[in-house]
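Q: Quick one: the structure is below, questions incoming.
Values quoted throughout were computed directly from the atomic coordinates according to the rules given, and no laboratory measurement underlies them. From a predicted model like this one, the values you see are computed outputs, not experimental measurements. With ideal geometry, Cβ positions are generated from the backbone for all residues, glycine too; neighbour counts draw on all protein chains shown.
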Amino acid sequence: MADHDDAERFELLAHRVLDAHQVLRDLLKALPLPVEVPSFDPEGSVEDTREALVSLSRARDLVWDEPIPEVHRKAIQTLILEWFMGYEELVLTNSAGPAPWRMDAVEYAMSRFATLAIMLADGELDDDES
């Protein structure tokens, strides 16, 4: 029973990570100086996965050149970092096993991601926050 629950939770978290990646792609593409990041396909080739990850890592640097408030640049950089933390922990979970704390770490990273993304989209960040 626990194995089934673990597999179900893993699948749910994997979908959340993929959805968060699409949010990042849309956000980066909508910037004043659009940043294109390839789609992320976990079933894709190693080269495609590497390209998507390297592109997203590069986007963290490119955000600093955007003509947007610094608090927004910091928020986008943090979103990318939260995504990487969730993704990396998900990969570890897949290879080392579904320990509850690993899946909790993915869940918390995606929760922080969602909260910050909503705050950014709703204009709840101002120049006094970071």
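Q: Quote the convex hull volume per residue of the chain, based on C-alpha atoms, as a whole number of Å³.
A: It comes to 101 Å³ per residue, whole-number rounded.
Q: Could you calculate the FRET efficiency of GLU8 with VAL54 from 1/(1 + (r/R0)^6), where r is the beta carbon distance between them and R0 is 30 Å, rounded to 0.05?
A: 0.45
Q: If r is the Cβ-Cβ distance from ALA99 to GLU43 and R0 is 22 Å, what FRET efficiency results, to the nearest 0.05?
A: 0.35
Q: Now a separate question. Putting +1 on Lys and Arg Cβ atoms and -1 on Asp and Glu Cβ atoms, find which of LEU33, PHE10, ALA99 reaches farthest to the positive end of the dipole of region 2-121.
A: LEU33
Q: Turning to a different aspect of this structure: Taking only Cα atoms and a 10 Å spring cutoff, compute GNM fluctuations for the chain and point out the largest among ALA99, ALA52, ALA114.
A: It is ALA99.
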